[in-house]
Amino acid sequence: MLVKVNSIIRRNEGQEEGKEENQYIVRVTKLDIDDLGSVIPLREIELWLPLYDESIVKTLMNSHYAAIFTEGYNEEDGSTIILARGFTEEELNKEKEKTIKKVNEKRRDHTK
């Protein structure tokens, strides 16, 4: 799912054998790109990050937008993110252009 990263909150879950465990909660807005290339916010979701996987945390901390996948492809509050790819504003604009192009191609095909 395409999202805007709103915030990342770190919660310490306590200590196990002197080692802190960090649980991260990510607040995102699920996005869609309409036929005209506008980015539409659909809803806010609160997701979890897996323990011991700092790579996803770093990706999301360095990105305003991301494509994320959750465990079981669940898009509900409390779902766990298993994969994330950050998007720059420029990459998001390219996705918007692709959407517009595909819609225009379909319209041309239907008018023939």
Taking a ≥ b ≥ c as the square roots of the eigenvalues of the Cα gyration tensor, with a/c under 1.5 meaning rounded and otherwise prolate when a/b exceeds b/c and oblate if not, region 68-112 is oblate
Helix-only CD estimate at 222 nm, as mean residue ellipticity for the chain, using -39500 (n - 2.57) per DSSP H run (n ≥ 4): -9000 deg cm²/dmol
If every Lys and Arg gets +1 and every Asp and Glu gets -1 at its Cβ, then about the Cα centre the chain yields a dipole, in debye to the nearest 20, of 820 debye
Let me make sure I get this right: for region 18-109, a, b and c are the square roots of the gyration tensor eigenvalues over alpha carbons, sorted descending. Under 1.5 in a/c it's rounded, otherwise prolate if a/b > b/c, else oblate. Which is it? prolate
Contact order normalised by length for the chain, with contacts defined as Cα pairs under 8 Å and 6 or more residues apart; what percent is it? 24 percent
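In which sequence would Ser63, Ser7 go, from the one with the fewest C-beta neighbours within 10 Å to the one with the most?
Ordered by Cβ neighbours within 10 Å, fewest first: Ser7, Ser63.
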Compute the signed sum of charges (Lys and Arg +1, Asp and Glu -1) over the other residues within less than 11 Å, Cβ to Cβ, of Phe69. -1
Between 0 and 90 degrees, rounded to the nearest ten: what's the tilt of helix 89-111 against the longest Cα principal axis of the chain? 40 degrees
Estimated distance in nm for a label pair at Thr29 and Ser55, the labels positioned 7 Å out from Cα along Cα-to-Cβ: 3.0 nm
Relative contact order, percent, of region 37-84 when contacts are C-alpha pairs under 8 Å separated by at least 6 residues? 46 percent
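Provide the net charge surrounding Ile25, with neighbours chosen by a C-beta distance below 11 Å and charges set as Lys +1, Arg +1, Asp -1, Glu -1.
Its environment carries a net charge of +1.
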Once R0 is set to 25 Å, what does the formula 1/(1 + (r/R0)^6) return for the Cβ-Cβ distance between Ile40 and Glu76, expressed as a FRET efficiency to the nearest 0.05? 0.80
Can you give the extra length, in nm with one decimal, that the chain gains between Glu105 and His64 once fully stretched, where that is 0.36 nm per residue apart less the Cα-Cα distance? 11.8 nm
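No value in this document is a laboratory result; all are computed from the given coordinates. Not measured: the values here are computed from a predicted model. Note: ideal-geometry Cβ built from the backbone for every residue, glycine included; neighbour counts use all protein chains shown.
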